[in-house]
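Following: one structure in structure tokens, then a few remarks.
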Amino acid sequence: MHYYSTNNRALRVPFREAVLSGIAKDGGLFMPEKIPVLPDKIIRRMSDMTLAEIALEVIRPYVQPLDDHFLTKIVRDSVSFPAPLTELSDTLNILELWHGPTLAFKDFGARFLARMLSCYLEEEKKDILVLVATSGDTGSAVASGFYGMPGIKVGLLYPGGKVSWIQEKQLTTVGGNVFAFEVEGSFDDCQRLVKKAFADSDLSGTYYLTSANSINICRLLPQMFYYFYAVSRIGQRKTPPTVCVPSGNFGNLTAGLIARKMGLEIDRFIAAVNSNRVFESFLDSGEYNPARAIPTLSNAMDVGDPSNFYRIRDLFSDDLHEIRRYISSYSISDEETKEGIREMWEKYGYMIDPHGAVGYEAIKKHKQTGFTDQKYILLETAHPAKFKDIMEQVIDTEITMPERLAQALKKEKSAFRVKNTYEDFRTQLMHTISGN
């Protein structure tokens, strides 16, 4: 399997290079040269398979020619926690993706990528520098996945004052080979600095640069695993389910779209967004107009220029009619988000975090367009305890803190403050990693 750049389909590289590079030399994102369709008999068997067994079947075609023995070990080490599907009603199912080490869905891709990079690292003469822009949960998942790995250093860039204090604790208390940079700006500024670093020939001459954001195809592909698992567990249905995806940088949605092209029966997707509604506006008008990110309660989705938008256009050959055919999008305000949290608690006795609440409210809006009898799968992307202050304010109930999260809160924050200019970030980055 080879991978091409979204900027130039003639630029193709093997999987190993796509993983190590993170982003194409021309600035494009890597996409598989073909999307393999799984045989129906394999998909039907998935109802009797474990999540790890499903993951192995799904990922195998993408990583050739990697030895199957190594791949099996990577999958088993990565997918070592559950993703339970909880049925709340005849039509609403919640896919809980927060049972990993850092209590967020990013654990799936981050752990897989870390182990894949470790597999390839032995052949490299330079240390690997992993740079990550995070709007909340990506950073801690990557930090956990890469912590202590020899030959790898990790730089986490997050927007100061725009992540929850609990998320910030998770980001800034890891230590070891993980360094946190608090950027004066938005997530989009963090993402811009990472992309500039990839274009820095002096930096790439010293380190093998790669990214653990969903711009890295190896971080994105493992997110297909739980789509196949969820659909295999949903039970009898007249029509394929609709999947609602709380969306920020759109990597999660892109993984679902690829899964569908592999043969997974999904009727359509709902891209649930907060006040950062650039994708919803694109579906309405056909014009893509990136904007400055707006801070919201669902901070991990505060993205004004989602990178994976270009992968979505590529998947549909830039056919707006086809994109609209399979994806709907609804923008949810902070007040609606609070209402979603409150209603889920009062109606179902279920604690849902702000990002999941955006998804729940988007499903309600979608039903108003006539899709009332559809079975819905809502991706719940983070543990509600990560947003303890918001949750307790809205539902007036004390949130129990998971032990692994409580431990992070006891540690001292360690982060380097940088301006949102590349010069300032680069100076601080080089000073930091060269001394460790």
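A single member of 277, 268 is farther than 26 Å from residue 33 by Cα and basic (Lys, Arg), and it is 277. Look at segment 227-243: where a residue is assigned to a loop (DSSP other than H, G, I, E, B) and a partner is among the charged types (D, E, K, R), sitting 6+ places away or on another chain with Cβ atoms under 7 Å, you get 234/375; 237/375; 239/267; 240/265; 240/267; 241/267; 241/375. Annotation for segment 272-291: no member residue is farther than 21 Å from residue 380 by Cβ, outside any loop (DSSP other than H, G, I, E, B), under 18 Å from the mean Cα position of the chain (by Cα) and of a type in the set (D, E, K, R). Selection of segment 248-271 for residues being touching a Ser or Thr at 6+ places or on another chain (Cβ under 7 Å) and either part of a loop (DSSP other than H, G, I, E, B) or farther than 29 Å from residue 236 by Cα (or both) yields 248, 249, 267.
Are any residues in segment 366-385 among the charged types (D, E, K, R) and out of contact with any Phe, Trp or Tyr (no Cβ under 8 Å at 6 or more places or on another chain), and if so, which ones?
As a first pass, look at segment 366-385 and keep what is among the charged types (D, E, K, R): 367, 373, 375, 380.
Scanning segment 366-385 gives 367, 373, 375.
Kindly evaluate residue 223 against the criterion of being part of a helix (DSSP H, G or I) and within 16 Å of the chain's Cα centre (by Cα). Spelling it out, residue 223 is indeed part of a helix (DSSP H, G or I) and within 16 Å of the chain's Cα centre (by Cα). Answer yes or no as to whether residue 138 is buried (at least 21 other Cβ atoms within 10 Å of the Cβ), out of contact with any Asp or Glu (no Cβ under 7 Å at 6 or more places or on another chain), of a type in the set (Ser, Thr, Tyr) and farther than 27 Å from residue 35 by Cβ. Criteria not met by residue 138.
Please go through segment 372-402 and give me each residue that is without any contact (Cβ under 8 Å) to a residue 60 or more places away in the chain, part of a helix (DSSP H, G or I) and not aliphatic (A, V, I, L, M), ordered by number. Scanning segment 372-402 gives 384, 392, 393. Which count do you get for residues in segment 403-436 that are of a type outside the set (Gly, Ala, Ser) and part of a loop (DSSP other than H, G, I, E, B)? Within segment 403-436, residues that are of a type outside the set (Gly, Ala, Ser) and part of a loop (DSSP other than H, G, I, E, B) number 8.
All conditions in (1) among the β-branched types (Val, Ile, Thr); (2) within 23 Å of residue 265 (Cβ to Cβ); (3) touching a helix residue (DSSP H, G or I) at 6+ places or on another chain (Cβ under 7 Å) hold for residue 363, with the sole exception of (3). Restricting segment 84-105 to residues that are in contact (Cβ under 8 Å) with a residue 60 or more places away in the chain and crowded, with 23+ Cβ neighbours inside 10 Å leaves a set whose member that is farthest from residue 216 (Cα to Cα) is 94. Total residues in segment 257-306 satisfying the condition of being among the small types (Gly, Ala, Ser) and surrounded by fewer than 23 Cβ atoms within 10 Å (Cβ to Cβ): the figure is 7. In segment 1-110, counting only strands (runs of 3 or more DSSP E) that sit wholly within it, the ones holding 3 or more residues that are closer than 21 Å to residue 315 by Cα span 2-5, 8-14, 30-32. Considering segment 345-371, the residues that are in contact (Cβ under 8 Å) with a residue 24 or more places away in the chain and part of a loop (DSSP other than H, G, I, E, B) include one that is farthest from residue 98 (Cα to Cα), namely 369. Just so you know, in segment 411-426 the residues that are farther than 12 Å from residue 182 by Cα and touching a Lys or Arg at 6+ places or on another chain (Cβ under 9 Å) include one that is surrounded by the fewest Cβ atoms within 10 Å (Cβ to Cβ), and it is 411. Looking at the structure I just gave you, is residue 215 modelled with pLDDT under 95, touching a Leu at 6+ places or on another chain (Cβ under 8 Å) and either surrounded by fewer than 24 Cβ atoms within 10 Å (Cβ to Cβ) or of a type in the set (A, V, I, L, M, F, W, C) (or both)? Here the answer is yes, as residue 215 does meet what is asked.
For residue 183, state whether it is among the β-branched types (Val, Ile, Thr), at pLDDT 95 or above, touching a strand residue (DSSP E or B) at 6+ places or on another chain (Cβ under 9 Å) and surrounded by 20 or more Cβ atoms within 10 Å (Cβ to Cβ).
Yes; evaluated as a whole, the condition is true for this residue.
The values are calculated or read from the model by the stated rules, or taken from the named source; none is laboratory data. Everything quoted here is computed from the prediction, not taken from an experiment. Please note: Cβ atoms are built from the backbone with ideal geometry, for glycine as well, and neighbour counts cover all protein chains shown.
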